[in-house]
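The values are calculated or read from the model by the stated rules, or taken from the named source; none is laboratory data. This one's a predicted model, so the numbers in the text were calculated from it and none came from an experiment. In this analysis, Cβ positions are derived from the backbone assuming ideal geometry, glycine residues included, and neighbour counts consider all displayed protein chains.
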Amino acid sequence: MNRHWLAVVLFVFAAMLPGWAGAQVPGRHPPYLHALTDLHDARYYLSHRPGPPLAPPERRAIAEINRTMRLIQRAAYGDGKNLAFHPAEDLPPPRVPRLARVSQLLRRARADIGAPEDNTNVWRFRYNAAIHLDRAIRISERMMVRMEPPLP
């Protein structure tokens, strides 16, 4: 009887093993999750700088980035993706001015958001996120022209 019980338990365990292994595989992640990483970095570069308090354009750009991030997170949730997953960050290029780096990160995030998506339930979130992200790009590039000195 004990051998029979052991055989049944082993069979059930073996049958469940592929499902458990599949749960550990992160799976295909949409490009907009990569955009979240770039948006986190861009927000950090805008909000952490030496000197006087943030200028109004910087606060507006941060607000647009925050709105974009919320919409992308809603899209990821609607797509059933794990928001705790953080794709690998790209290495920053050497000696790039702060606002130029923000512009690069925002443009890279915009390209990720614009990538094809097969889940029609998240298109609305991605579309609205792109609108806010385009505003943040315009604000940051205007700031870059007005506020940032060129590198020698």
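Summary of computed values
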{"read-out": "Filtered residues of region 69-81 (kept if of a type outside the set (A, V, I, L, M), at pLDDT below 90 and at negative phi)", "value": "73, 74, 77, 78, 79, 81"}
{"read-out": "Single unsatisfied condition, residue 102 versus (1) assigned to a helix (DSSP H, G or I); (2) touching a Lys or Arg at 6+ places or on another chain (Cβ under 8 Å)", "value": "(2)"}
{"read-out": "Options 84, 109, 130, 61; residue that is farther than 12 Å from residue 32 by Cα, at pLDDT 90 or above and hydrophobic (A, V, I, L, M, F, W, C)", "value": "61"}
{"read-out": "Residue 142, sole failed condition from (1) of a type in the set (Lys, Arg); (2) within 21 Å of residue 49 (Cα to Cα); (3) surrounded by 14 or more Cβ atoms within 10 Å (Cβ to Cβ)", "value": "(3)"}
{"read-out": "Options 116, 93; residue that is touching a helix residue (DSSP H, G or I) at 6+ places or on another chain (Cβ under 8 Å) and either at pLDDT 85 or above or of a type outside the set (Ser, Thr, Tyr) (or both)", "value": "93"}
{"read-out": "Residue ID - surrounded by the fewest Cβ atoms within 10 Å (Cβ to Cβ), chosen from residues in region 43-58 that are among the charged types (D, E, K, R) and under 18 Å from residue 145 (Cβ atoms)", "value": "49"}
